[in-house]
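One structure is given here, and the rest of the page talks about it.
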Amino acid sequence: MSEHKASIKWTHAQGDFLKGSYSREHTWSFDGGVTVPASPSPTSVKPPYSNAANVDPEEAYVAAISSCHMLTFLWVACRQGLEVATYQDDAVGVMTKNERGIPWVSTVVLRPRVTYVGTHPSQETEEEMHHKAHEGCYIANSVKTAITVDRGYL
């Protein structure tokens, strides 16, 4: 068992809190010392009460899924004797409303582009590797969001 921690900090600096006219900008701090500026998405909370330049929870969620898939894929490739030179993913999360009308990230589409040193696997082998990565990804195993790999990018 392991624990993973994040520290979230928000301070009321200006605006009328009780009227909802206050900034939602905040920070995420992690045990390695990194602090990330965060904010709700401007599609959820309109500026100036949000900041599009900051990371929003939905973006972080998509990034966590993509990152976990990538890390597991790299491990799968290593175990198969394939050396990966680069891995890039332009992942997209889609928010819809559930049966109760509540928005949620229902789908995440991964669009990985992988380059190899030396031997390049067949398309079928690479698809199998992505399947193994999905099956082994801690985050994918923790969420109900549908996660797919766009085969057009392979």
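The figures follow:
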read-out: Residue within the range 98-107 that is among the hydrophobic types (A, V, I, L, M, F, W, C), surrounded by 14 or more Cβ atoms within 10 Å (Cβ to Cβ) and in a helix (DSSP H, G or I) present; value: no
read-out: Residue in the range 142-150 that is of a type in the set (Asp, Glu), under 25 Å from residue 43 (Cβ atoms) and surrounded by 14 or more Cβ atoms within 10 Å (Cβ to Cβ) present; value: yes
read-out: Whichever residue in the range 93-106 is aliphatic (A, V, I, L, M) and without any contact (Cβ under 8 Å) to a residue 24 or more places away in the chain and, among such residues, is nearest to residue 4 (Cα to Cα); value: 94
read-out: Long-range neighbours under 6 Å by Cβ, at least six apart or interchain, first residue in the same structural domain as residue 146 (by TED's automatic domain parsing) and farther than 13 Å from residue 129 by Cα within the range 63-92, second buried (at least 19 other Cβ atoms within 10 Å of the Cβ) and charged (D, E, K, R); value: 66/89
read-out: So residue 132, is it of a type in the set (Lys, Arg) and without any contact (Cβ under 8 Å) to a residue 60 or more places away in the chain; value: no
read-out: Residue satisfying all of: in the range 1-43; touching a Lys or Arg at 6+ places or on another chain (Cβ under 9 Å) and not in a strand (DSSP E or B); surrounded by the most Cβ atoms within 10 Å (Cβ to Cβ) among these; value: 39
read-out: Tally, over the range 88-97, of residues that are in a strand (DSSP E or B) and farther than 13 Å from residue 146 by Cβ; value: 3
read-out: Top-ranked residue of the range 44-65 - restricted to ones that are within 18 Å of the chain's Cα centre (by Cα) and of a type in the set (A, V, I, L, M), ranked as surrounded by the fewest Cβ atoms within 10 Å (Cβ to Cβ); value: 53
read-out: Subset of the range 135-154 (residues that are over 16 Å from residue 88 (Cα atoms), assigned to a helix (DSSP H, G or I) and not aliphatic (A, V, I, L, M)); value: 135, 136, 141, 142
read-out: Counted residues, the range 119-141 - those being exposed (fewer than 11 other Cβ atoms within 10 Å of the Cβ), over 20 Å from the mean Cα position of the chain (by Cα) and not acidic (Asp, Glu); value: 3
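The values are calculated or read from the model by the stated rules, or taken from the named source; none is laboratory data. Quick caveat: nothing in here was measured; it's all calculated off a predicted structure. Heads up, the Cβs are rebuilt from the backbone with ideal geometry, glycines too, and the neighbour counts pull from every protein chain shown.
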